[in-house]
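Novice: Sharing a structure with you now.
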Amino acid sequence: QVQLVESGGGLVQAGGSLRLSCAASRFIFSRYAMAWYRQSPGKQRELVAAITSGGGNTDYADSVKGRFTISRDNAKNTVYLQMNSLKPEDTAVYYCNLGRYSGSYYPYDYWGQGTQVTVSS
């Protein structure tokens, strides 16, 4: 069974940084594109960033371009999200996801438990 475990969230002031990690197991990590999504209460889950299976291409939501960086280490079965210049509107539960990238990211229905990111003003 696919397992995804997010970590690294917390409380940070606006302008600060956090680095999220997602440890993946029970599937061949290097075969899949990966992504980070986020969801706030009352809002739909949105794609934040995606990365191709080999890490050669990335894609970002307009709201985080220039501030967030997605990366992966296939040897460690881990995907990361470096978040800089955080804003209060970045407050959400962040989830990692596996899928495929064919011009754009297509998620599969596998999710971790999420990690809470709270950005204070």
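Novice: Report in % the part of the accessible area of the chain that belongs to carbon and sulfur, leaving out ligands and nucleic acids; probe 1.4 Å.
Specialist: 44 percent
Novice: Using only the Cα atoms, what convex hull volume per residue in Å³ does segment 1-59 have?
Specialist: Considering the Cα atoms of segment 1-59, their hull volume per residue is 120 Å³.
Novice: Now a separate question. Label points 7 Å out from Cα along the Cβ direction at residue 17 and residue 108: separation in nm?
Specialist: 3.2 nm
Novice: Still on this structure, I have one more. Just for the chain, what percent of DSSP beta bridges are antiparallel, to the closest 5?
Specialist: 90 percent
Novice: Counting Lys and Arg as +1 and Asp and Glu as -1, each charge on the Cβ, what is the dipole of the chain about the Cα centre in debye, to the nearest 20?
Specialist: Result for the chain is approximately 160 debye, rounded to the nearest 20.
Novice: Run down the lysines and flag those whose C-alpha is under 26 Å from the C-alpha of residue 43, throwing out any fewer than 8 positions away in its chain.
Specialist: In chain and number order, the partners are 65, 87.
Novice: Same structure, new question: Scan around residue 61 for amide H atoms under 5 Å from its own, H built in the peptide plane at 1.01 Å from N, and keep only partners 5 or more places away or cross-chain.
Specialist: 49
Novice: Measuring from the lowest to the highest alpha carbon on each principal axis, how far does segment 49-107 reach, largest first, in angstroms?
Specialist: Its Cα atoms span 31, 25, 20 Å along the three principal axes.
Novice: Rounded to two decimals, what is the ratio between the C-alpha radius of gyration of the chain and 2.2 N^0.38 Å? Each step should come with its number before you reach the end.
Specialist: Numbers: Rg = 13.3 Å, N = 121, 2.2 N^0.38 = 13.6 Å.
Against the empirical 2.2 N^0.38 Å value, I get 0.98 for the chain.
Novice: Let me ask another. Accessible area per residue for the chain in Å², computed with a 1.4 Å probe and the full protein assembly in place, what is it? Kindly include the intermediate steps, with their values, before the conclusion.
Specialist: Working: 6210 Å² over 121 residues.
Dividing the accessible area of the chain by its residue count gives 51 Å².
The values are calculated or read from the model by the stated rules, or taken from the named source; none is laboratory data. Remember, predicted model here, so these are calculated numbers, not experimental data. Note: ideal-geometry Cβ built from the backbone for every residue, glycine included; neighbour counts use all protein chains shown. Side chains included, ligands, DNA and RNA excluded: accessible areas come from the protein's heavy atoms. Shrake-Rupley method; radii C 1.70, N 1.55, O 1.52, S 1.80 Å.
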